[in-house]
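The values are calculated or read from the model by the stated rules, or taken from the named source; none is laboratory data. Just so it is clear, the structure is predicted and the values come from calculations on it, not from any experiment. Here the Cβ positions follow ideal geometry from the backbone for every residue, glycine too, while neighbour counts run over all protein chains shown.
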Amino acid sequence: MTVYVIDDHPLMRDALTMLVQRVRPGLKVVSVAKLNSLESTVERQGPPELFCLDLKLPDTLGLSGVHAVKAKFPDVPLVVVTGSEASECEAACLEAGANLFLEKASPPNTIIEGLRTFLPTPKDEMSEGGTSAPTKLSKRQKQLILMLDQGLSNKDIADKLTISEHTVKVHFWRLFRRLGVNSRTQALHFARTNGWLGI
C-alpha cells in the first residue's frame, strides 16, 4: 500500500513524506505535483492507502481536487493539507468528502497525530480488536459513544477530553469505519442495538 502526497511545492512534499514515514517507517510514499497525473501514477505505483492533498494545485480550483479524488477513489481516506485557514474552508472540505482538514501551519505533531489515525500500525489495529472483532472498542471509542448519547457537540467533546476538535473528528472517522456506519445517528443506533450504552 502507498501514500500519495499531492502538492506542487517540492519542500512541502518532502516535509509530508518525512512526517508520514515517522508514523509508519518504511511505508511507500509517492509525490504527485499535479492532480491530472494521479490516476496514471497510482496505476504504476500501486493501490493507495491514503491521499494527502493540497487545495491549491496548478490544475485545481477551490474544492475541485477533493471532488476529483473522492470520485475516483471513494473508499480511500483523504486528508487535506493546505495553506488555507480552517475557518475559511474546513467545513466545505469535509462536506465535499475529505476525512480530515489540516493547515500547513499546524505544528508537526498535530499533523502526525492526524496522519496516525489513517495509518494505524499493526499494534494499533490489535489494540482495537482487529478487523475480525468489531465489538471490541478502544477506551476512547467507548467514551465517544457515551458522549454521543449525551448529545455533546464536537466542541463539547474536545473540551471534555482536552483534545482538539479535528482530533475528535478523526476519532469519529475511525469509530464509524470500525462499526461500518456513516453518521452519529447510525453509530448510536448500533450501540443501542448491541447494548453498548452500559459500557
Review point. What are the pairs, 6+ residues apart or on separate chains, where a residue within region 182-196 that is in contact (Cβ under 8 Å) with a residue 12 or more places away in the chain has its Cβ under 7 Å from a residue that is loosely packed, with under 12 Cβ neighbours inside 10 Å?
Key: Asn194/Thr135
Review point. Just wondering, is there one or more residues in region 109-117 that are farther than 25 Å from Ser138 by Cβ and out of contact with any helix residue (DSSP H, G or I) (no Cβ under 6 Å at 6 or more places or on another chain)?
Key: no
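Of everything in region 16-41 that's aliphatic (A, V, I, L, M) and touching a residue at least 40 places away in the same chain (Cβ under 8 Å), which residue is surrounded by the fewest Cβ atoms within 10 Å (Cβ to Cβ)?
Across region 16-41, the extreme among qualifying residues is Leu27.
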Practice item. Give the residue, chosen from Val69, Val81, that is within 17 Å of the chain's Cα centre (by Cα) and modelled with pLDDT of 95 or more. Key: Val69
Review point. Does any residue in region 87-98 that is closer than 13 Å to Pro74 by Cα come within less than 7 Å, Cβ to Cβ, of a residue that is surrounded by fewer than 19 Cβ atoms within 10 Å (Cβ to Cβ) and not charged (D, E, K, R) six or more places away or on a different chain, and which pairs are these?
Key: Ala96/Leu63; Ala96/His67
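Give the residue, chosen from Pro74, Pro58, that is on the phi < 0 side of the Ramachandran plot and either touching a Lys or Arg at 6+ places or on another chain (Cβ under 7 Å) or not assigned by TED's automatic domain parsing to the domain that holds Ala105 (or both).
Pro58
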Revision key, fill the gap. Within region 145-193, restricting to residues that are surrounded by 13 or more Cβ atoms within 10 Å (Cβ to Cβ) and of a type in the set (S, T, N, Q), the one that is modelled with the highest pLDDT is Asn154
